[in-house]
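*Asks:* Before I ask anything, here is the structure I am working with.
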Amino acid sequence: MTRPDYTAAQEAFAQWGVDTEAALDRLATIPISVHCWQGDDVVGFEGVTAGSGGGIQATGNHPGRARTPDELRADLEFAYANIPGNHRLNLHASYLDSDETPERDALEYKHFAPWVDWAKENGLGLDFNPTFFAHPKADDNLTLAHPDKGIRDFWIRHGQICREIAVRIGQEQGSACVNNIWVPDGFKDIPVDRMTARARLEASLDEMLAQRFDKTQLLDAVESKLFGLGVEACTVGSHEFYLGYAIRKGTLLCLDMGHFHPTENIADKLSSVALSVDEILLHVSRPMRWDSDHVILLNDDILAMAQELVFADLLGRTHIGLDFFDATISRTAAWVVGTRNMQKALLRALLQPMEMLQSREAELNFTDRFILTEELKDLPYGAVWDAFCERQSVPTGLTLLNTLNTYQASVADRS
């Protein structure tokens, strides 16, 4: 039965030439790769004492942190049950599920097979990441760019093994596994020789990525960063470094919303890099003064990015992943609300009268563009979202609040 408020919304959007049913159908096909590390504060399950965090820090100690793979999977199952649509899981190499405790250069597919089996049972796709941080061999905040060849070789082997694991995941699930490469390499104070460090990073990446795999099974991505804790003065893998590398080598380019200057707009970068790279990986996050990885809000930054994806016809070339972690609030609530905010932004973009707006801009009629974009803000997007959730049998409003709080209470005694 169609809700009266949705019928009214459908008619309101129709006046602007927008088909809400088409928008809902399209939204249902867009997967979001949900990140595993929100559920346990980026701790992982290696079972050994790690080194420092490589500039990554989760703050807070809210009850309910997942301590085992089974607990993390249970939390994820709950989260997915409250997120409309069919999605993916982004898994880091430090989240192996095994009684063994292999070094990172000795990982094997078998250490992640339980995750693949679980993903199949739950209809999820899997993506993967080598873990180049929180390890004694990363304590200098240098890995692939380290001056010590032995340390570089260790991390090169880790990256090679992770690619082998990722391609096996892609084979098992019948779709490409996106393998994202981020390293924390950089300098706390001003270096005198950036070129040598960047040459080492490039050579290490070349060796790590030398083996070719079927792109229907594995897609490699490289991710830049502006700076991090301990690497305030210089990040070896800067945006310019990885943009050039992705263009030359044919990898995906990962754009993380927190990895740029606070006033930079990721939406503005999408169309620029899309002219030079075939596919893009997004890490959707919310920086607050720096790369603080707050849970994403339905704010102007997210709305602008979603609109650019739709208006520039980039959805088919862009892999959308999330990257935030907040230990001051319920971790499962963070997953659910953050992922749904990304979907809400996409829905709003899909509900825009794109041809009308583009035609006014092409005519240089900026007055009409201004009036239209402001008037469109008053349309009943919420009623369309509620209809989407109802069709997918997931709660909204106060029912969602009660659902999230009830689950949080059930895991609050974890310690």
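The values are calculated or read from the model by the stated rules, or taken from the named source; none is laboratory data. Just so you know, these numbers come straight off a predicted model, no measurement behind them. FYI the Cβ positions are ideal-geometry reconstructions off the backbone, even for glycines, and counts take in every protein chain you see.
*Asks:* Taking residue 367 as meeting all but one of (1) part of a loop (DSSP other than H, G, I, E, B); (2) out of contact with any Pro (no Cβ under 9 Å at 6 or more places or on another chain); (3) among the hydroxyl-bearing types (Ser, Thr, Tyr), write down the number of the exception.
*Replies:* (1)
*Asks:* Can I ask one more? Check whether at least one residue in the range 16-38 is in a loop (DSSP other than H, G, I, E, B), farther than 30 Å from residue 348 by Cβ and in contact (Cβ under 8 Å) with a residue 40 or more places away in the chain, and report yes or no. Even if it seems obvious, please write down each step before you answer.
*Replies:* Filtering the range 16-38 for residues in a loop (DSSP other than H, G, I, E, B) gives 16-19, 28-31.
Now drop any that are not farther than 30 Å from residue 348 by Cβ, which leaves none.
Taking every residue of the range 16-38 in turn, none turns out to be in a loop (DSSP other than H, G, I, E, B), farther than 30 Å from residue 348 by Cβ and in contact (Cβ under 8 Å) with a residue 40 or more places away in the chain.
*Asks:* Out of the range 383-404, which residues are assigned to a helix (DSSP H, G or I), without any contact (Cβ under 8 Å) to a residue 40 or more places away in the chain and of a type outside the set (A, V, I, L, M)?
*Replies:* 397, 399, 402 - these are the residues of the range 383-404 that are assigned to a helix (DSSP H, G or I), without any contact (Cβ under 8 Å) to a residue 40 or more places away in the chain and of a type outside the set (A, V, I, L, M).
*Asks:* Find the strands (runs of 3 or more DSSP E) located wholly in the range 194-292 whose residues include 1 or more that are of a type in the set (Asp, Glu), and list them. Walk me through it before giving the result.
*Replies:* Working: elements: 218-223, 252-256, 280-284.
Fully inside the range 194-292 and qualifying: 218-223, 252-256.
*Asks:* Mind checking which residues of the range 251-268 are under 27 Å from residue 208 (Cβ atoms) and either surrounded by fewer than 18 Cβ atoms within 10 Å (Cβ to Cβ) or among the small types (Gly, Ala, Ser) (or both)?
*Replies:* Pass one, the range 251-268, residues under 27 Å from residue 208 (Cβ atoms): 251-260, 266.
Within the range 251-268, just 258 meets the criteria.
*Asks:* Of the residues 223, 240, 202, only one is within 26 Å of residue 148 (Cβ to Cβ) and in contact with a strand residue (DSSP E or B) (Cβ under 6 Å, 6 or more places away or on another chain); which? Can you show your working first?
*Replies:* Numbers: 240 fails: in contact with a strand residue (DSSP E or B) (Cβ under 6 Å, 6 or more places away or on another chain); 202 fails: in contact with a strand residue (DSSP E or B) (Cβ under 6 Å, 6 or more places away or on another chain).
Exactly one of 223, 240, 202 is within 26 Å of residue 148 (Cβ to Cβ) and in contact with a strand residue (DSSP E or B) (Cβ under 6 Å, 6 or more places away or on another chain), namely 223.
*Asks:* Moving on to the next point. Take residue 401 and decide whether it is on the phi < 0 side of the Ramachandran plot, surrounded by fewer than 16 Cβ atoms within 10 Å (Cβ to Cβ), out of contact with any strand residue (DSSP E or B) (no Cβ under 8 Å at 6 or more places or on another chain) and not polar (S, T, N, Q).
*Replies:* It is true that residue 401 is on the phi < 0 side of the Ramachandran plot, surrounded by fewer than 16 Cβ atoms within 10 Å (Cβ to Cβ), out of contact with any strand residue (DSSP E or B) (no Cβ under 8 Å at 6 or more places or on another chain) and not polar (S, T, N, Q).
Conditions (1) assigned to a loop (DSSP other than H, G, I, E, B); (2) in contact (Cβ under 8 Å) with a residue 40 or more places away in the chain; (3) out of contact with any strand residue (DSSP E or B) (no Cβ under 8 Å at 6 or more places or on another chain); (4) among the aromatic types (Phe, Trp, Tyr), marked per residue:
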| site | (1), (2), (3), (4) |
| --- | --- |
| 116 | no, yes, no, no |
| 120 | no, yes, yes, no |
| 123 | yes, no, yes, no |
| 128 | no, yes, no, yes |
| 156 | no, yes, yes, no |
| 178 | no, yes, no, no |
| 192 | yes, no, yes, no |
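*Asks:* Counting just the residues of the range 303-317 that are out of contact with any Lys or Arg (no Cβ under 7 Å at 6 or more places or on another chain) and over 17 Å from residue 31 (Cβ atoms), which one comes out surrounded by the fewest Cβ atoms within 10 Å (Cβ to Cβ)?
*Replies:* First, the residues of the range 303-317 that are out of contact with any Lys or Arg (no Cβ under 7 Å at 6 or more places or on another chain): 304-305, 307-317.
Still in the running and over 17 Å from residue 31 (Cβ atoms): 304, 307-308, 311-313.
Details: 304: 17, 307: 20, 308: 20, 311: 16, 312: 14, 313: 11.
Among residues in the range 303-317 that are out of contact with any Lys or Arg (no Cβ under 7 Å at 6 or more places or on another chain) and over 17 Å from residue 31 (Cβ atoms), the one surrounded by the fewest Cβ atoms within 10 Å (Cβ to Cβ) is 313.
*Asks:* Next up: Restricted to the range 269-297, and to residues that are in contact (Cβ under 8 Å) with a residue 40 or more places away in the chain and surrounded by fewer than 17 Cβ atoms within 10 Å (Cβ to Cβ), which residue is nearest to the chain's Cα centre (by Cα)?
*Replies:* By that ranking, first place goes to 297.
*Asks:* Can you tell me which residue among 23, 12, 79 is surrounded by 12 or more Cβ atoms within 10 Å (Cβ to Cβ), under 19 Å from residue 89 (Cβ atoms) and either within 18 Å of the chain's Cα centre (by Cα) or modelled with pLDDT of 95 or more (or both)? Full working, then the answer.
*Replies:* Numbers: 23 fails: under 19 Å from residue 89 (Cβ atoms); 12 fails: under 19 Å from residue 89 (Cβ atoms).
Going through 23, 12, 79 in turn, the sole match is 79.
*Asks:* Also, I was wondering about something else. May I ask you to say which residue of 302, 329 is touching a residue at least 12 places away in the same chain (Cβ under 8 Å), in a helix (DSSP H, G or I) and either under 17 Å from the mean Cα position of the chain (by Cα) or under 21 Å from residue 38 (Cβ atoms) (or both)?
*Replies:* On the way: 329 fails: in a helix (DSSP H, G or I).
Just a single option satisfies the conditions, and that option is 302.
*Asks:* Could you grab me the full set of residues in the range 217-243 that are surrounded by fewer than 23 Cβ atoms within 10 Å (Cβ to Cβ), modelled with pLDDT under 95 and under 22 Å from residue 203 (Cβ atoms)?
*Replies:* 231
*Asks:* What is the number of the single condition among (1) of a type outside the set (A, V, I, L, M); (2) under 25 Å from residue 251 (Cβ atoms); (3) over 14 Å from the mean Cα position of the chain (by Cα) that residue 311 does not meet?
*Replies:* Answer for residue 311: the failing condition is (2).
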